[in-house]
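Structure incoming, see below.
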Amino acid sequence: MTVFTDELAALEEAHCLAEQTGWPQAIVSQDDGLVVMAKHRAWGMEILEVVHE
């Protein structure tokens, strides 16, 4: 997974992945930045935003 330090870049990636996969994408806060992943994989993590297609 790519770690983003730019919030806008993470949001754009989440939109792109949601369109490609049809699955909601979560932007998750981690120690070193933001990570985009499928929402169901983000269980128990600090979700900042969820993006649907």
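The values are calculated or read from the model by the stated rules, or taken from the named source; none is laboratory data. No experiment lies behind these values; they were computed from the predicted model shown. Cβ sites come from the backbone with ideal geometry, for glycine too, and all protein chains shown count toward neighbours. Heads up: the accessible areas ignore ligands, DNA and RNA and are worked out on the full protein's heavy atoms, side chains in. Shrake-Rupley method; radii C 1.70, N 1.55, O 1.52, S 1.80 Å.
Return the only residue of 35, 51 being β-branched (Val, Ile, Thr), touching a strand residue (DSSP E or B) at 6+ places or on another chain (Cβ under 6 Å), touching a residue at least 40 places away in the same chain (Cβ under 8 Å) and crowded, with 17+ Cβ neighbours inside 10 Å.
So the residue among 35, 51 that is β-branched (Val, Ile, Thr), touching a strand residue (DSSP E or B) at 6+ places or on another chain (Cβ under 6 Å), touching a residue at least 40 places away in the same chain (Cβ under 8 Å) and crowded, with 17+ Cβ neighbours inside 10 Å is 51.
Here's something else I'd like to know. Filter region 15-52 for residues that are part of a strand (DSSP E or B), within 15 Å of residue 2 (Cβ to Cβ), under 10 Å from the mean Cα position of the chain (by Cα) and not β-branched (Val, Ile, Thr) and give the result.
Of everything in region 15-52, those that are part of a strand (DSSP E or B), within 15 Å of residue 2 (Cβ to Cβ), under 10 Å from the mean Cα position of the chain (by Cα) and not β-branched (Val, Ile, Thr) turn out to be 25, 26, 29, 34, 37, 38.
Can you tell me which of (1) in a helix (DSSP H, G or I); (2) open to solvent by 40 Å² or more (accessible area, probe 1.4 Å) is the one residue 1 doesn't meet?
Unmet for residue 1, out of (1) in a helix (DSSP H, G or I); (2) open to solvent by 40 Å² or more (accessible area, probe 1.4 Å): (1).
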